[in-house]
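Undergrad: If you scroll down you'll find the structure; I have some questions about it.
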Amino acid sequence: MSDCSAISDRIPKAALQLLRVLEQAKERGWIVGGAVRDGLLGRKDEPDWDIATTATPQRVMELFRKVVPTGLAHGTVTVLLDGRAFEVTTLRGESVYSDGRHPDQVRFIGAIEADLERRDFTVNAIAFDPLRRELCDPFGGAEDLRNRTLRAVGDPLRRFSEDGLRLLRAARFCAVLEMNIEPLTESAMAAMAHALDKVSAERKRDELRKMLAAKQPSRGLEVLFKTSLWSRVFRDHPRLATPPSSPEALLRRVDAVENHETLRLASLLTAFPLATAAQGESEAAKRWLTKMRFERGVVSSVADLVAVLGIALPCPDDSIAVRGFAVSVGPANLEGALAVQGAILRADGKSEESLEALRRAVGREMAGGLPMTIAQLAVSGGDLRKELGMEPGPRMGELLRELHAAVVQGTVRNERAALLTLCRTLIAP
Ligand code: ATP
Ligand code: MG
C-alpha cells in the first residue's frame with residue numbers, strides 16, 4: 001500500500017531498533033494503535049509509538065536493558081531506548097467483560113489479527129510491520145480512514161456494552177479526526193448509551209478534554225446529542241442535563257473560541273444570552289467540573305470566568321463604564337471574558353467591531369494607570385497607618401476599597417497626596 005511510507009518515514013530509529021531486537025529473538029513486532037492511524041492520515045503530531053509483539057512480557061524484559069513493568073497484568077512493559085519510552089504489549093485476545101469496564105482476564109495469543117479484533121474501531125485496528133513494510137488491516141481500517149468513517153470492529157452493540165468508554169472515544173475521534181460515524185455503529189451507541197454510566201469520571205474527563213482540544217469540538221458534541229449521550233455526560237449539570245432544544249448556537253460558540261481548555265469549557269458551560277443568573281451558572285459549572293474530576297485549578301478558573309461573563313459589556317466610549325467593567329471582571333479574567341464574548345459574536349455571524357473598540361478602550365485605561373486592584377493604589381495600608389495613624393483592621397480594608405472605587409469612578413486621581421486627602425475627609429468624624 002502506497003501510504004505506508006507516510007508512517008515509515010516518521011518512525012523513530014529507536015522503534016526500528018526495538019523491532020529488530022525482537023526479530024533477532026525470533027519474535028514478531030508491529031506498530032499499532034494511534035501511531036499507525038495518525039501516520040496514515042498524515043497527521044503531524046508526535047504519537048505514542050505503541051508496539052504489539054508475539055514475545056511474552058517475561059521475554060521482553062529479558063531482551064532489553066531498561067524495562068519498566070508498567071502494566072504486567074495486561075501484558076504491557078515499557079521499554080526505554082534512546083531516551084524514548086515504548087509500550088510493548090504481548091498480543092492479546094478477546095475475553096469477557098463482566099463489569100463493562102475491564103476484561104476479566106488477559107489471554108496471550110499468537111496471531112496479530114486476533115489482537116486487532118479486540119480493538120475498538122477499524123481505524124485503530126491496523127498494525128504495521130516496518131521491517132517488512134507490511135500493513136495488517138483485517139477490518140478495512142485504511143479504507144475507512146480514507147472515507148473518514150468511524151466503524152466499530154465486529155458487532156457494535158457488543159463492543160459498546162463491553163466497554164462504555166468506547167462511546168466517548170467514538171465522539172472524541174469524530175471531533176479530533178474529523179470523521180463520521182457509520183450508521184450501525186451510531187445506532188448501537190444510542191442503544192448502549194447507558195453503558196457510559198459505568199465509566200469512571202476521570203476517564204470520561206480525559207476523553208472530553210481531547211474532544212474539546214479538537215479544531216471543531218462541535219463534531220464530537222453533535223455525536224453526544226444525536227446518540228443521547230449528552231444527558232449522561234452532563235447528568236451533574238443542573239441546566240445542561242436537559243439538552244437544549246437547538247444546540248447549534250452553543251456548538252458554534254465552542255468551535256469559535258480559541259483552542260484553550262478554560263475558554264472552551266467556559267463557552268460550553270455558560271448560558272446564553274448571558275443571563276443575570278451568572279452566579280448560578282458559575283455554581284453549576286463548578287459542580288459539574290468537580291464531579292468530572294477536573295483539577296481544582298481548572299474548576300476555579302472556569303467557574304470564575306463563567307461568573308464574570310454575566311457582566312454587561314459597556315459602551316467603549318464611556319470611559320467610566322469601561323473602567324468599571326475592567327475592574328469588575330478583574331485582571332485574571334479580562335482576556336478570557338473578551339475572548340468568549342468575541343466567540344459568541346463570531347458564532348452568531350455578528351461583527352466584532354464594538355468588542356474590538358472595547359478591547360482597545362480597556363487597554364488604554366490600563367496603560368493610563370487604572371489600578372485593577374487595591375494593591376495597585378498609590379497608597380497602601382502601611383501609608384494609612386503612618387500618615388493617618390490608622391490601625392490595621394476591617395475599617396482600613398473598607399477605606400482602601402472606597403479609595404479604589406473613587407479612582408475607578410474618576411473622582412480622584414491615583415496619586416498619593418490626593419488619596420490621602422480624600423482619606424482624611426472620609427474618616428473625619
Ligand atoms: P490517542 O493516543 O491519540 O489518544 P489511541 O488510539 O492511540 O489514541 P490509546 O488510548 O493510546 O488511543 O490506545 C491505543 C490503542 O489501543 C487504540 O488505538 C486501540 O486500538 C486500543 N484501545 C484503546 N482503548 C481501547 C478501548 N477502550 N477498547 C478497545 N480498544 C482500545
Ligand atoms: Mg495512543
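Quick note: the coordinates plus some simple rules give every number you see, no bench work behind them. Since the model is a prediction, treat every value here as computed from it, not as a measurement. We place every Cβ from the backbone using ideal geometry, glycine too, and count neighbours over all the protein chains shown.
Undergrad: Enumerate the lysines that Lys198 could reach by cross-link, defined here as Cα to Cα under 30 Å, with residues fewer than 8 away along the same chain left out.
TA: Lys210, Lys215, Lys226, Lys286, Lys291
Undergrad: OK, next. May I ask you to evaluate 6.51 cos²θ - 1.76 cosθ + 1.60, the Karplus curve with θ = phi - 60°, for each residue of region 398-414 and list the ³J(HN,Hα) values in order in whole Hz, giving x for glycine and proline?
TA: 4, 4, 4, 5, 5, 4, 4, 4, 5, 5, 4, 5, x, 7, 8, 7, 7
Undergrad: Regarding region 149-233, what whole-number volume in Å³ per residue does the convex hull of its Cα atoms give?
TA: Each residue corresponds to 72 Å³ of Cα convex hull volume.
Undergrad: Take Val412 and Leu16, extend 7 Å from each Cα along the Cα→Cβ direction, and tell me the distance between the two endpoints in nm.
TA: 7.4 nm
Undergrad: Taking the Cα centre as origin and putting +1 on Lys and Arg beta-carbons and -1 on Asp and Glu beta-carbons, what dipole magnitude results for the chain, to the nearest 20 debye?
TA: With Lys and Arg at +1 and Asp and Glu at -1, about 520 debye.
Undergrad: Quick one: 3J(HN,Hα) in Hz for region 38-53, Karplus 6.51/-1.76/1.60 with θ = phi - 60°, rounded, Gly and Pro as x.
TA: Result, ordered by residue: 5, x, 5, 7, x, 6, 7, 4, 6, x, 7, 8, 8, 10, 10, 9 Hz.
Undergrad: Using only alpha carbon pairs under 8 Å that are at least six residues apart, calculate the relative contact order of the chain and give it in whole percent.
TA: Contact order relative to length: 8 percent.
Undergrad: Same structure again: In region 299-382, which trypsin sites (Lys or Arg not before Pro) are in a loop and have at most 16 other Cβ atoms within 10 Å, using DSSP for the loop call?
TA: Within region 299-382, the qualifying trypsin sites (Lys or Arg not before Pro) (loop, at most 16 other Cβ atoms within 10 Å) are Lys350.
Undergrad: Just name one of Val306, Met292, Ser328: the one whose Cα is farthest towards the positive end of the charge dipole of region 276-328 (beta-carbon charges, Lys/Arg +1, Asp/Glu -1).
TA: Met292
Undergrad: Can you give the calculated 222 nm mean residue ellipticity of the chain, where each DSSP H run of n ≥ 4 adds -39,500 (n - 2.57) and the sum is split over every residue, rounded to the nearest 500 deg cm²/dmol?
TA: -15000 deg cm²/dmol
Undergrad: Separate question: Report the Rg/Rh value for the chain, based on alpha-carbon coordinates and the Kirkwood definition of Rh.
TA: 1.12
Undergrad: Using only the Cα atoms of region 5-146, build the gyration tensor, take square roots of its eigenvalues as a ≥ b ≥ c, and label the shape rounded, prolate or oblate: rounded if a/c is under 1.5, else prolate if a/b is larger than b/c, else oblate.
TA: oblate
Undergrad: If R0 is 51 Å, what FRET efficiency do you get for Arg239 and Ser319 from their C-beta distance, rounded to 0.05?
TA: That gives a FRET efficiency of 0.90.
Undergrad: Find the Cα radius of gyration of region 374-427, compare it with 2.2 N^0.38 Å by division, and give the number to two decimals.
TA: Rg over 2.2 N^0.38 Å, computed on Cα atoms: 0.98.
Undergrad: Taking the Cα centre of region 349-413 as origin, work out the dipole magnitude from +1 charges on Lys and Arg Cβ and -1 charges on Asp and Glu Cβ, in debye rounded to 20.
TA: 60 debye
Undergrad: If you project the alpha carbons of region 256-370 onto their three principal axes, what span does each projection cover, largest first, in Å?
TA: Extents along the principal axes, in whole Å: 42, 32, 26.
Undergrad: Moving to a separate point now. Of Ile374, Val36, Thr421, which is farthest towards the positive pole of the chain's charge dipole, taken about the Cα centre with +1 and -1 on the beta-carbons of Lys, Arg and Asp, Glu respectively?
TA: Thr421
Undergrad: Could I ask something else about it? Once label points are set 7 Å from the Cα along Cα→Cβ at both Glu202 and Glu387, what is their separation, rounded to one decimal in nm?
TA: Here the modelled spin labels are 5.4 nm apart.
Undergrad: OK, next. Calculate one ³J(HN,Hα) per residue across region 135-146 by plugging θ = phi - 60° into the Karplus curve 6.51 cos²θ - 1.76 cosθ + 1.60, and present them in order as whole Hz with x for glycine and proline.
TA: 3J(HN,Hα) across region 135-146, in whole Hz: 9, 10, 9, x, 10, x, x, 5, 5, 4, 4, 4.
Undergrad: Still on this structure, please answer the following. For region 292-418, what is the charge dipole size about the Cα centre, in debye to the nearest 20, if Lys and Arg each add +1 at the Cβ and Asp and Glu each add -1 at the Cβ?
TA: The calculated dipole for region 292-418 is roughly 220 debye.
Undergrad: Oh, and also: Using Cα positions and a limit of under 15 Å, work out the aspartates and glutamates in reach of Lys66, with same-chain residues fewer than 8 apart set aside.
TA: Asp82, Glu87
Undergrad: How long is the gain from Asp155 to Arg84 if the chain were fully straight, where each residue apart is worth 0.36 nm and the alpha carbon distance is subtracted?
TA: Extra length from Asp155 to Arg84 when fully extended: 21.9 nm.
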